[in-house]
1. Could you identify the single residue in A:125, A:91 that is open to solvent by less than 50 Å² (accessible area, probe 1.4 Å) and touching a Gly at 6+ places or on another chain (Cβ under 9 Å)?
2. Name the pairs: first residue in region A:73-87 and away from chain B (no Cβ under 14 Å) and away from DNA strand C (no atom under 12 Å from the Cβ), second residue part of a helix (DSSP H, G or I) and aliphatic (A, V, I, L, M), Cβ to Cβ under 7 Å, at least 6 apart or on different chains?
3. Within region B:34-62, restricting attention to residues that are within 14 Å of chain A (Cβ to nearest Cβ), assigned to a helix (DSSP H, G or I) and open to solvent by 50 Å² or more (accessible area, probe 1.4 Å), which residue is farthest from DNA strand C (Cβ to nearest atom)?
4. I'd like the full set of residues that are open to solvent by less than 60 Å² (accessible area, probe 1.4 Å) and not hydroxyl-bearing (Ser, Thr, Tyr), limited to region B:94-109.
5. Count, please, the residues in region B:65-120 that happen to be at negative phi, more than 8 Å from DNA strand D (Cβ to nearest atom) and in a loop (DSSP other than H, G, I, E, B).
6. For region A:139-151: of the residues being within 7 Å of chain B (Cβ to nearest Cβ) and surrounded by fewer than 20 Cβ atoms within 10 Å (Cβ to Cβ), which is modelled with the lowest pLDDT?
7. Given (1) closer than 26 Å to residue B:30 by Cα; (2) within 12 Å of DNA strand C (Cβ to nearest atom); (3) touching a helix residue (DSSP H, G or I) at 6+ places or on another chain (Cβ under 9 Å), identify the lone condition not met by residue A:24.
Number of protein chains: 2
Amino acid sequence: MTKTSPSPAAIKAWARLMRVSRQLMEKVEDALKENGLPPLAWYDVLHELAEAGEGGLRPFQLIERTLFAQYNISRLLARLEADGLIEKLPVADDGRGQTIRITGSGRETRRRMWAAYGRSIAELVGARLPVEDLETLATLLGRLRDPPAGD
Amino acid sequence: MTKTSPSPAAIKAWARLMRVSRQLMEKVEDALKENGLPPLAWYDVLHELAEAGEGGLRPFQLIERTLFAQYNISRLLARLEADGLIEKLPVADDGRGQTIRITGSGRETRRRMWAAYGRSIAELVGARLPVEDLETLATLLGRLRDPPAGD
DNA sequence: TCCATATCAATGCAACTGCATCTATATGGA
DNA sequence: TCCATATAGATGCAGTTGCATTGATATGGA
């Protein structure tokens, strides 16, 4: 028999989690907008692609690494390509697929985004909790992940 | 001089916060959909209105209590009204305004939503951390709120 | 080889969001 | 009283998301 009614502590943690994450996300989006930069979603993709290096990534790999839906990635990549931040290359051994590679312009945009994004994280998170508490927070959040294992 | 570059601990906490909150939110939305229920946003409003009781709330009060933008509340209320879950009443002493009151049908929908929503919270949050950790989590998240005071 | 099924990615359509603006009423001061 | 300004809420429009489906290639078995 599974428990179906949440404890007050669970409800409170949930409510805080929802509220704080939305609030902080909004602040970051605002900071990016103020600096004339693209939305946060672009950063996530550019970040993954930058880490992947010259080999690039397949769209389905981006879906695995980020939390975007397939159609979302498809259109996001179309926008990034239109802006010259990525390029789509055909894949030799799979005619259905493509490899996505970040361009120089893409790296530059990512860098400028990080200037605003990183500053926001420092102010909104880093400056509000000591390192020890930040680590505790990360650990506790980690236990809520799905699947509840790995890093 | 303000620090502009976030610590690794801050980055990790931030990343977890974003990822976990999105993941959990999505799971809750899925659970609601599977039960043929409206999206989470509707719950937030119905919840506030149910707590407010017969006196109802003005739209701007809903904006204060939730994190919705003005235009968002305006249209959300239109949908809720179209579904008969709320009613809009004129305000005696302010011709610009209206009072929003939840209907019986609204309370019933809220109740059915809570059955799925509460179960999700119990499974996704309550079952994954002991009460003490849930309280710690809520406290730490509370320090990230804006403004960083009050409850 | 041929076909059924699976996988990769794109897209039509309806709903929703964000932004800016608009209408209507309220309020305070000249 | 009259007007400038402020506040409450709605809305047009463009961009984005979610859902379902489609087009295209791959793969494995008969």
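1. On the way: A:125 fails: touching a Gly at 6+ places or on another chain (Cβ under 9 Å).
When all the criteria are applied, what remains is A:91.
2. Close Cβ pairs (under 7 Å, with a partner that is part of a helix (DSSP H, G or I) and aliphatic (A, V, I, L, M)) amount to A:85/A:46.
3. Result: B:51.
4. Of everything in region B:94-109, those that are open to solvent by less than 60 Å² (accessible area, probe 1.4 Å) and not hydroxyl-bearing (Ser, Thr, Tyr) turn out to be B:94, B:97, B:98, B:100, B:102, B:104, B:106.
5. So the count comes out to 10.
6. Within region A:139-151, the first condition is being within 7 Å of chain B (Cβ to nearest Cβ), and the residues that meet it are A:140-146, A:148.
Next, only the ones that are surrounded by fewer than 20 Cβ atoms within 10 Å (Cβ to Cβ) stay: A:142-143, A:145-146, A:148.
Numbers: A:142: 96, A:143: 96, A:145: 89, A:146: 74, A:148: 56.
Of everything passing the filter in region A:139-151, A:148 is modelled with the lowest pLDDT.
7. (2)
The values are calculated or read from the model by the stated rules, or taken from the named source; none is laboratory data. The model shown is predicted, which means the values in this text are computed figures rather than measured ones. Note: ideal-geometry Cβ built from the backbone for every residue, glycine included; neighbour counts use all protein chains shown. SASA here: full protein model, heavy atoms, side chains in, ligands and nucleic acids out. Shrake-Rupley method; radii C 1.70, N 1.55, O 1.52, S 1.80 Å.
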